[in-house]
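Q: One structure is given below, represented as structure tokens, and several questions about it will come after.
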Amino acid sequence: MAAASDPRERPIAVFDSGVGGLTVLHELLVQLPGEDYLYLGDTARFPYGNRSAAELAAFSMEIAEELLARQAKLLVVACNSATAAALPVLRERMRQTTLGVEVLGVVRPEAVQAVAATRNGRIGLLATPATVESGAYDEAVAAADSHVALTSVAAPELASLIQDGSEFDDRVVEVVRGYVEPLREAGVDTVILGCTHYPLVQPMLQRLLGPGVGIVSSGSALARQVEHALGASGLANPRSGEGDYRFLATGDPDSFRALGSRFLQLPLGPVEQVTVSREAAA
Ligand code: DGL
């Protein structure tokens, strides 16, 4: 992908703590096939879900700088933990850059979709401890409808269990059942998957939650927001065919490739290893 002089031809950058954000990229590739994409997985520092807000803000800034240097026209924070902890800081810093690149995150589109979907006014959230502790979903749900009640469950083990790549055996089912229990007790009719990894256990979650509970994940709602943002800023790629997608990983590129295709459900091309951490570069 050579540097484009027409800003519409620049790539959309997507980043995550690892391979989980490929579930979000998948939706973008399906809903907006004509765009080019540049995905960065911070696999060297995965998982993000137990890190502090200050750490996540610093990591997100380092990654954003790398992606802007690679000509991104829009920045998508696919990681729920990073969105919850760092989106306002990141937006503020991006506003200060001369490029004026817009930053979109996963929390708000999901909260809006869940509020629109609930019939009994009770929503559940399943997310990492960092995301739950940030209160970002409480704020986003309250902003969409202050009469809707949110029950949040932190699932400290789930993302790593999924990323691990091993078979979903009875042990995984029992771990998931333990996370689902408080949501069943609260009588929620809609559950937000507040972590990029959870779509991979969606059938298991649906079975344990029961068929009457709707599940909202971030990919499709976010893809619509990306489409609107590109339309409003005149940055949509005019191409009629399919665009290109490329990958950067801060950790081992071979394990990214091996794990990544399961999450993307599309062929993965070459993966370039990149250093974004100022500490590691020093
Ligand atoms: N991308 C992360 C999230 O959505 C996955 C979990 C993690 O890194 O701990 O929160």
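Read the figures in this text as sums done on the coordinates, not as results from a lab. None of these values were measured; they are calculated from a predicted model. Glycine also receives a Cβ, built like all others from the backbone with ideal geometry; neighbour counts cover every protein chain displayed.
Q: Before we move on, is Ser5 within 12 Å of the ligand (Cβ to nearest atom), free of Cβ contacts under 8 Å to residues at least 60 places away in the same chain and either at negative phi or outside any strand (DSSP E or B) (or both)?
A: no
Q: A further question on this structure: I'd like the full set of residues that are charged (D, E, K, R), part of a loop (DSSP other than H, G, I, E, B) and within 12 Å of the ligand (Cβ to nearest atom), limited to segment 19-48. Please lay out each step first, then the result.
A: Taking segment 19-48 first, the residues charged (D, E, K, R) are 27, 35-36, 42, 45.
When the remaining residues are screened for being part of a loop (DSSP other than H, G, I, E, B), the result is 35-36, 42.
Within segment 19-48, Asp42 is the sole residue that qualifies.
Q: Going through segment 230-261 one residue at a time, which ones are among the charged types (D, E, K, R), surrounded by 15 or more Cβ atoms within 10 Å (Cβ to Cβ) and in a helix (DSSP H, G or I)?
A: Once the filter is applied, which keeps residues that are among the charged types (D, E, K, R), surrounded by 15 or more Cβ atoms within 10 Å (Cβ to Cβ) and in a helix (DSSP H, G or I), segment 230-261 yields only Arg257.
Q: Which residue pairs have Cβ atoms closer than 7 Å, lie 6 or more positions apart in sequence or on different chains, and pair a first residue in segment 233-244 that is within 7 Å of Arg8 (Cβ to Cβ) with a second residue that is surrounded by 11 or more Cβ atoms within 10 Å (Cβ to Cβ) and among the basic types (Lys, Arg)?
A: Within 7 Å, the pairs are Leu235/Arg8; Leu235/Lys73; Ala236/Arg8; Asn237/Arg8; Pro238/Arg8.
Q: Here's something else I'd like to know. Do we have Thr83 as among the β-branched types (Val, Ile, Thr), surrounded by 20 or more Cβ atoms within 10 Å (Cβ to Cβ) and under 15 Å from Ala136 (Cβ atoms) here? If you could, list the steps in order and put the result at the bottom.
A: On the way: among the β-branched types (Val, Ile, Thr): yes; surrounded by 20 or more Cβ atoms within 10 Å (Cβ to Cβ): yes; under 15 Å from Ala136 (Cβ atoms): yes.
Yes.
Q: Condition test on Pro211, is it over 30 Å from Val101 (Cβ atoms), part of a loop (DSSP other than H, G, I, E, B) and out of contact with any Asp or Glu (no Cβ under 6 Å at 6 or more places or on another chain)?
A: In short, yes.
Q: Just give me the residues in segment 61-90 being away from the ligand (no atom under 13 Å from the Cβ), assigned to a helix (DSSP H, G or I), touching a residue at least 12 places away in the same chain (Cβ under 8 Å) and not charged (D, E, K, R), in sequence order.
A: Result: Met61, Ala64, Leu67, Leu68, Val89, Leu90.
Q: Further question: Go through segment 141-172 residue by residue and tally those that are β-branched (Val, Ile, Thr) and either within 20 Å of the chain's Cα centre (by Cα) or exposed (fewer than 14 other Cβ atoms within 10 Å of the Cβ) (or both).
A: Matching residues across segment 141-172 total 3.
Q: Exactly one condition in (1) within 16 Å of the ligand (Cβ to nearest atom); (2) in a strand (DSSP E or B); (3) of a type outside the set (Phe, Trp, Tyr); (4) within 14 Å of Leu193 (Cα to Cα) is false for Gly124; which is it?
A: (1)
Q: With (1) under 25 Å from Ala136 (Cβ atoms); (2) of a type outside the set (Phe, Trp, Tyr); (3) buried (at least 18 other Cβ atoms within 10 Å of the Cβ) as the list, and Gln206 as the residue in question, which single condition is left unmet?
A: If we test Gln206 against (1) under 25 Å from Ala136 (Cβ atoms); (2) of a type outside the set (Phe, Trp, Tyr); (3) buried (at least 18 other Cβ atoms within 10 Å of the Cβ), just (3) comes out false.
Q: A further question on this structure: Regarding Leu104, is this residue part of a strand (DSSP E or B) and either within 18 Å of the chain's Cα centre (by Cα) or among the small types (Gly, Ala, Ser) (or both)? Show your work before the answer.
A: Working: part of a strand (DSSP E or B): yes; either within 18 Å of the chain's Cα centre (by Cα) or among the small types (Gly, Ala, Ser) (or both): yes.
Against the criterion (part of a strand (DSSP E or B) and either within 18 Å of the chain's Cα centre (by Cα) or among the small types (Gly, Ala, Ser) (or both)), Leu104 qualifies.
Q: I need a count of the residues in segment 167-192 that are touching a Ser or Thr at 6+ places or on another chain (Cβ under 7 Å) and closer than 12 Å to Ala155 by Cβ.
A: Qualifying residue count for the region: 2.
Q: Restricting to segment 173-192, what's the tally of residues that are surrounded by fewer than 21 Cβ atoms within 10 Å (Cβ to Cβ), more than 19 Å from Gly49 (Cβ to Cβ) and not hydrophobic (A, V, I, L, M, F, W, C)?
A: 7
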